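Structure first, then comments.
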Amino acid sequence: MKTLTRPEQVTLTINGEGRDVVIYPGETLLYTLRGDALGLTGAKPGCENGDCGACTVLIDNIPTKSCMVLTAEVENRHVTTVEGLEDAPIQHAFVDNSAFQCGYCTSGFIMVGHALSQHADAPDDSRVVEWLRSNICRCTGYQEIYDAVRSVCQDSTAP
Amino acid sequence: MSIIGTSVQRKEARNKVSGRARYTNDLTIPGTWHAVVVPARQAHAHILSIDTEKAKQIAGVKAVITGDDVSVLTGDVIEDRPPLAKDKVRYWGEPIALIVARDEATAQRAAGMITVRYRPLPVINSIGDGIADNAALVHEKNGGYKVATPPAYPKKQTNIADEANVEKGDVERAWPGSDITVDIHVSLPQIDHAAMEPRVAKAEILPDGRVLIHCSSQAPFEVRKLIAKYFKLNPGQVVVEVPLVGGAFGGKSSVQLEVLAYIASKAVGGRVVKIVNTRETDMASCPGGMGLEADISLAARQDGHLLAAKMRFYMDIGAYTDSAPRVARAIAAQCTGPYHIANLHTDVFCVYTNHTYTTALRGFGHMPMTFAVERAMDELAQKLNMDPLRLREINALKPGQLTPTKARLTESNLGHLPLTIYKMRELIGWKQGKVERVGEHRVRVQGVAAFWKTSSSPPNAISGAIITMNSDGSVNLSIGAVEFGPATKTTAAQILAAQLRIPLDKVFVHEDVNTHVDPEHWKTVASMSTYMVGRAVIDAANDIINQLKSLGAAVLRCSPDDLDFGDEKVYVRDDPSIALKFSQLALGYKYKEGDSIGGQLIGRGRFMIRHLNLLDQQTGKGRPGPAWTVGVQAVEVEYDQNTHQYRILKAASVVDAGRVINPAAARGQLMGGMNMGLGVASREGIHYGHDGQFLNNQFRSYRVMRVGEQADEYLIDFVETPQIDAPFGARPLGEHGILAIGAALANALSRAAGVPLNTLPITPEAIWRARRHQS
Ligand code: FES
Ligand code: FES
């Protein structure tokens, strides 16, 4: 990992594209993504200390809370944000299952659900629950979100 | 198929799943400066001095503002709150200074450099502290503040900010005639709205005098009104814009951050300044939901009929009143729950404490009030050895009877509680509250509770709608209600599509609210948008239909009365082949020769609430809302008698919705409401330290529901008794999922554990304590 003592230009791979941005030492990935240079505001700040998951993005396909990662740490790694999904099944599943109301938590949950659906081994129900527990939604009853994610994951217990 | 009663996709659905839906903090105007709030670190203390020098010296700091720089007092009902603490602080987290800097990091750094010297005062850390004899005063000036929106009756030299009373029949005469009485005391902590989007406000003052505010508010028109009032501006000068809001639950109906943003902008020559709450500030510095202590006494006959009730509610409103007097009146007016009690005496007190101040929270006081009443009802059922649903059924209010404040009930304004109870029996497989053993020390039991709620809106609440027609006959709809989750805008679009008999995709709704262009709407609260906006939309649709017909009549050389419409056309009723498309009329009709008549079709509609009044000071007499929504909720739990842990197997609601306009959205509202209510009842609550410090202002310590903790199964059903004056008969439906579900949980667990559980939250430890206390 790089050591930064003052603003410096780094190259990031975001949604498959190389991007040069100037970052401050101590700048979180959430901040960089949402900043003027990148303008990827799909990831939301909800707590900025790892509790809520609204800021979740994928780093090398692993859902990660972008408020808990320094931008300097992700050089040479692949960052995927909700804007990088292209008509992914999880997005349709969220619409079909009414899995959101205000929508503020949605990007985060979608990224968790998308990563899970891409995961090689098909998750059982408790695995789905475990993954989704990283995030908070205050509007829905959670069943809608669970159903949406379940519907795009292969079921290990299915015959 | 009619669009009404259809589960349509919300208009902004695709944006929300693509990360492209925009909230207040997603748009930044280049050159924006940042302001941060410096919170008090004492709950009750005199401010001896605030040293701002070091902070001012930091490069990039543009202004440091304290209470001494601001002279206004703010408050929705009573003007008792300085935007920045002045002379003393009254809660831990109270904004004490505001730093404006080039960027957020600089402002945060400067905030750490502010030193405040305090002289601590005794902390009013509970309702009990507040009402004790010789209690320290949170407000020495109580009773001397301006009451901006009467009524409110503060008691001088006390911590009682307001009192609301209801008197009906003769309690003292009725009491001795009863066979059975119950007395219970309930205690509920303050809670937080915990909307996932922390509050945000931006302000800019332009050289031409206009003030632009962007904020995450449920009440943009209230923001405009109050900013104009506090700072002596013309309302037209103040333009408030609100895009999508990331959850609100009443917490964003109060005006606070917007005022601070204005003050910050003003201090730096009107530049754009933005304040974005951290989660910690959002919880500790901005208003939460009230706490409650209540004593409920019910008197009944052996057959279960209620004869009389005495009730005292003490609200922990925190350090400032905000909307508390309105909430107190809402509690007073609905204090019996949906039951007929002929003899009633109720007092509701707003108690100032050194806690974070409070505002509306989903249900506007009806949730804590319902908890108190429904716990008492269940204790009564147990004492009578009666089916708890049956007890509720026989006491249900009926058309022709009077509410606690003597408003007359009709089938239209009340709906049908007995029918919801009937359906609930089936829906949950009702077992009369019996405790079933399912394992060596595990039992299953069901609990129920019923609710009713009305709007408690001001008697002059208004709404409006403007429709403009596009060249292809599609329409744009402009309304003043904010979209924070319940599909308010989509419902308005459905109503318009139905009224104009056009497809829903021909209706485009203005997603944001801008007070400069959208017609005034009171506030997006009280589940009233469908009713109020819906009525305005129907009015506007009728206006545009009249225009279509009158222009069509001129072109077709007939009377407007000869015309009907449908399929995006106006046509001659007796010969539909003589017709004009909406698109031919939308921007005026062009004759073959090229000359034209008409102009753009613009429909306008408005609505004003009617027949409401302020409640009488002594007796509470008055009408608090246009109609009530009634319903019954139930849970089934499995409880472990050894560990006191429990699992919620079923959570069920049957609501008289009048008419369900969007079933998917309605179910979503109810499920979300139940989930929040079960979270509140099972784990939520603000903890204050012995010195009044707000101890849990993060999600790791303020625990809300997470996936896997929700009910295993949600069950929802509707009764549809139309509210005649509402659009398509639809009753308010939004907050209601939360109202009685916590009481239902407490009722179930009280039976399971064999001990009354009247304190929230009901954690396994709390059950253990209650049992130990009893034995
Ligand atoms: S904002 Fe990152 S976890 Fe809440
Ligand atoms: S949809 Fe609002 S927080 Fe999840």
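For region B:366-480, the average shadow cast by the Cα convex hull is 13.1 nm², which is a quarter of the hull's surface.
Within the accessible surface of the protein assembly as shown, defined with a 1.4 Å probe on protein heavy atoms only, the carbon and sulfur portion equals 48 percent. Each pair of Cα atoms in region B:231-306 enters the Kirkwood radius, and Stokes-Einstein at 4 °C and 1.567 mPa s then converts it into a translational diffusion coefficient of 77 µm²/s. Largest mean-square fluctuation among A:25, A:89, A:63, in a Gaussian network model of chain A whose springs join Cα atoms under 10 Å apart, belongs to A:25. When the other protein chains are added to the chain by itself, burial of at least 30 square angstrom of heavy-atom accessible area (probe 1.4 Å, ligands and nucleic acids ignored) affects these residues of region B:182-210: B:196. Across region B:209-274, Cα-Cα pairs more than 16 Å apart make up 41 percent of the total. Interface between chains B and A: roughly 3800 Å² of accessible area buried, both sides summed (probe 1.4 Å, protein heavy atoms only).
Normalised by the number of residues in region B:462-608, the mean separation of alpha-carbon contacts (under 8 Å, six or more apart) gives a relative contact order of 33 percent. Ordered by 1.4 Å accessible area with all protein chains kept, B:589, B:91 run largest first as B:589, B:91. Once the Cβ-Cβ distance of residue B:146 and residue B:172 is raised to the sixth power relative to R0 = 22 Å, the FRET efficiency obtained is 0.05.
Only lysines eight or more places from residue A:65 in sequence, or on another chain, were considered; those with a Cα closer than 22 Å are A:2, A:44, B:16.
To the nearest 500 deg cm²/dmol, what mean residue ellipticity at 222 nm is calculated for the protein assembly as shown from DSSP H runs of n ≥ 4 alone, each contributing -39,500 (n - 2.57), summed and divided by the residues? One gets -7500 deg cm²/dmol as the mean residue ellipticity at 222 nm. For chain A, the mean projected area of the C-alpha convex hull, equal to one quarter of the hull surface, is 9.4 nm². Listed values for region A:140-145 are Karplus-derived 3J(HN,Hα) couplings in whole Hz (6.51 cos²θ - 1.76 cosθ + 1.60, θ = phi - 60°), namely 8, x, 6, 4, 4, 5, and x replaces Gly and Pro. Direction-averaged projected area, Cα convex hull, the protein assembly as shown: 42.2 nm², rounded to one decimal. Across chain A, C-alpha contacts under 8 Å between residues 6 or more apart give a mean separation that, scaled by the residue count, equals a relative contact order of 22 percent.
Counting, for every residue in B:699-708, the Cβ atoms of other protein chains within 10 Å of its Cβ and taking the mean gives 6. Here is the list for region A:17-91: GluC sites (Glu not before Pro) lying in DSSP coil, each with at most 14 other C-beta atoms within 10 angstrom of its C-beta, are A:75, A:86. Along region A:110-115 the Karplus relation, 6.51 cos²θ - 1.76 cosθ + 1.60 evaluated at θ = phi - 60°, assigns HN-Hα couplings of 5, 5, 5, x, 5, 4 Hz to successive residues, with x for each Gly and Pro.
At q = 0.06, 0.07 Å⁻¹ the log10 of I(q)/I(0) for chain B amounts to -0.39, -0.52, computed by Debye summation with a single uniform scatterer per C-alpha, solvent ignored.
Distance distribution note for region B:462-608: the fraction of Cα pairs above 21 angstrom is 42%.
Accessible surface for chain B, divided over its residues, is 35 Å² per residue with a 1.4 Å probe. Which helices, counted as full DSSP H runs in chain B, have an axial Cα extent of no less than 24 Å and a Kyte-Doolittle average of -0.5 or above? The answer, listed by residue number, is B:366-384, B:529-556, B:663-682.
Would you mind pulling out the separation of the Cα centroids of region B:546-580 and region B:154-221, in Å? Distance between centres, Cα-based: 52 Å.
With Cα atoms as the point set, region B:660-748 shows a radius of gyration and Dmax of 16.8, 53 Å. Heavy atoms of the protein chains alone define the surface here; on that basis region A:89-155 has 32 Å² accessible area per residue at 1.4 Å probe size.
The values are calculated or read from the model by the stated rules, or taken from the named source; none is laboratory data. Please read all numbers here as calculations on a predicted model, not as lab measurements. So basically every Cβ, Gly included, is an ideal-geometry build from the backbone, and we count neighbours across all protein chains shown. Just so you know, the surface numbers come from the protein's heavy atoms only, side chains and all, with ligands and any DNA or RNA stripped out. Shrake-Rupley method; radii C 1.70, N 1.55, O 1.52, S 1.80 Å.
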